[in-house]
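*Asks:* This is the structure I want to talk about, given as structure tokens.
The values are calculated or read from the model by the stated rules, or taken from the named source; none is laboratory data. Since this is a predicted model, take the numbers as computed values, not measurements. Reconstructed Cβ throughout: ideal geometry from the backbone, glycine too, with neighbour counts over all protein chains shown. Protein only, heavy atoms only, side chains kept; ligands, DNA and RNA dropped before computing areas. Shrake-Rupley method; radii C 1.70, N 1.55, O 1.52, S 1.80 Å.
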Amino acid sequence: MSKNLYIKTFGCQMNERDSEIIEQLLAQEGYVATAEPKGADLILINTCSIREKAEQKVFSLLGSLRPEKQKNPKLLLGVTGCVAQQEGEQIRERMPHVDLIVGTQQIYRLPELLDRLSQGVTNKEIATNMEASFSIPPFQKLLNNTSPSLPAAAYGFKRFVTIMQGCDNFCSYCVVPGTRGREISRPMADILEEVEILVSQGVREITLLGQNVNSYGTANQVAEQPVDFPRLLREVAAIKGVQRLRFTTSHPKDLTEELMRCFAEIDNLCPHFHLPVQSGSNAVLRRMNRKYTVESYLEKVELLRRYRPDIALATDIIVGFPGETDDDFQATMDLLNRVRFHGSFSFKYSDRPHTRSAEFGDKIPEEVKSARLAVFQERQDAISFERNREQIGKKVEVMIEGVNETGLKGRSAGNHMVHCSDVVTSLLPGDLATVRIQHAGKHSLKGVLEN
Ligand code: SAH
Ligand code: SF4
Ligand code: F3S
């Protein structure tokens, strides 16, 4: 008899990817994924602890599920992901109604752990050992004998492919090295095989995924022969059927000229690059342990734009890092005005457990952080709008994401959302269409189809 599985995913693409893997793993155990917690036999919360708010959300959601558990004692409740990895004990203490706590590298054990629970093992399961091995290979097997109810293409024409796990950068504010372990690169042959399987199932856009993809191959590679990221990119791009290729995330210190050249030479590599800078102040970057300077970042951006003038650059910014002065913040604004990022994700700094910056003095008051964030975001919105207006009159290639009676929408190679009011019934999600841009909004573009 089939059982219903509901997974709620927080956090980054790593977690989204892990949730897919869990769905596929548990499909083999008879679980059918549902879109609602109601009626579920198993609820899994795949958690994120990157900022304090993210973690608070997890605890309040877990708390709100307590009555559900009381109503339905057969319901199983599990926590996976980064909070499970780092705060497993705290979850067990504060949320005794949770049945299962599974760390980031233990998700493959879910079937076995669920089995033990179903056999009436009453003590709550907690599995958060970090393994020093790469935990992706089992997925290869999964993909090959995916159950018919869950073909890979069921997840759409765009897919993420994990190329590395963990992070060795130890930025002073960041939990990821603690929650995901040491950086390990996945063997290239496995990556290529997974991409080939995906395109054979109808996937057209691949995003290579890792915390620091451009250092691929440099540390702990589980591989036959050394390869680097530009080489991997070229190999993936050459697979027939990969119409669009993207990657995320990159660390500025590991951005080489060879990688920049890829943007000029690889046709299906999208001109869209997420390059988190975090701050425009060298003093702050030093305390963040980012290992580059504002000057070296700007030099790289300039060179990158020489290779690929139309590249859409996005970034991440933290405001209110401990000790950030008004001048430091102004330096971040100056950097924004200089680079004119197409878009950015910006956050108020928050202390995280087991990170070095949590111990730093000179914490910035909440209201100062909020004020700085608002100033940054307002300027970024204005720049994004200007950037979008630069697209007016241009012809862009759009990969269709949705079609309905009022028109269609899709994304440009530069990752802009594009809307069209043309109704063309022959176009399906995943198809490419050429659109002439006529209007620009703050968050999207509008145009008409061209042939
Ligand atoms: N590996 C990527 C992304 C890591 S997490 C990278 O290195 O860029 C995504 C973003 O969350 C980071 O880029 C950073 O801007 C933000 N972030 C991480 N820890 C944070 C903290 N303690 N407080 C506020 N923002 C944080
Ligand atoms: Fe965190 Fe820094 Fe690693 Fe990114 S590079 S995951 S910010 S430690
Ligand atoms: Fe969050 Fe973990 Fe990703 S902390 S951002 S889910 S790696």
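*Asks:* Kindly indicate whether residue 291 is charged (D, E, K, R), at positive phi, modelled with pLDDT of 95 or more and out of contact with any Gly (no Cβ under 8 Å at 6 or more places or on another chain).
*Replies:* yes
*Asks:* Need at least 2 residues that are charged (D, E, K, R) per element, so show me which helices (runs of 4 or more DSSP H) inside the stretch 162-261 make the cut, counting only ones lying wholly within it.
*Replies:* Because the criterion is at least 2 residues that are charged (D, E, K, R), the helices (runs of 4 or more DSSP H) in the stretch 162-261 that meet it are 188-200, 229-237.
*Asks:* Going through the stretch 7-17 one residue at a time, which ones are crowded, with 19+ Cβ neighbours inside 10 Å and away from ligand 1 (no atom under 15 Å from the Cβ)?
*Replies:* Correct list: 7, 9.
*Asks:* For the stretch 278-309, enumerate the residues that are surrounded by 16 or more Cβ atoms within 10 Å (Cβ to Cβ), outside any helix (DSSP H, G or I) and free of Cβ contacts under 8 Å to residues at least 60 places away in the same chain.
*Replies:* Selection gives 279, 280, 281, 292, 308.
*Asks:* Hey, another quick one. Taking the stated definitions as given, is residue 419 closer than 30 Å to residue 318 by Cα and open to solvent by 20 Å² or more (accessible area, probe 1.4 Å)?
*Replies:* So residue 419 fails the test.
*Asks:* In addition: Can you tell me which residue in the stretch 328-347 is farthest from residue 305 (Cα to Cα), limited to those that are open to solvent by 30 Å² or more (accessible area, probe 1.4 Å) and away from ligand 1 (no atom under 11 Å from the Cβ)?
*Replies:* Going through the qualifying residues, I end up with 330.
*Asks:* Here's something else I'd like to know. Determine if the stretch 313-327 includes at least one residue that is open to solvent by 50 Å² or more (accessible area, probe 1.4 Å), out of contact with any helix residue (DSSP H, G or I) (no Cβ under 9 Å at 6 or more places or on another chain) and part of a loop (DSSP other than H, G, I, E, B).
*Replies:* no
Listed here are the residues, each with its yes/no results for (1) at pLDDT 90 or above; (2) touching a Gly at 6+ places or on another chain (Cβ under 9 Å); (3) of a type in the set (S, T, N, Q).
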site: 70; (1), (2), (3): no, no, yes
site: 76; (1), (2), (3): yes, no, no
site: 80; (1), (2), (3): yes, yes, yes
site: 87; (1), (2), (3): yes, no, no
site: 99; (1), (2), (3): yes, yes, no
site: 105; (1), (2), (3): no, yes, yes
site: 113; (1), (2), (3): yes, yes, no
site: 137; (1), (2), (3): no, no, no
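*Asks:* Checking residue 218 against (1) at pLDDT below 90; (2) open to solvent by less than 50 Å² (accessible area, probe 1.4 Å); (3) within 16 Å of ligand 1 (Cβ to nearest atom), which test does it fail?
*Replies:* It fails just one condition, (2).
*Asks:* Do any strands (runs of 3 or more DSSP E) entirely within the stretch 19-109 hold 1 or more residues that are within 16 Å of ligand 1 (Cβ to nearest atom), and if so, which?
*Replies:* 42-47
*Asks:* For the stretch 55-82, what are the residues that are farther than 15 Å from residue 5 by Cα, open to solvent by less than 10 Å² (accessible area, probe 1.4 Å) and away from ligand 2 (no atom under 16 Å from the Cβ)?
*Replies:* 58, 62, listed by residue number.
*Asks:* Are any residues in the stretch 348-364 within 16 Å of ligand 3 (Cβ to nearest atom) and surrounded by fewer than 18 Cβ atoms within 10 Å (Cβ to Cβ), and if so, which ones?
*Replies:* Passing the criteria: 351, 353, 354, 358.
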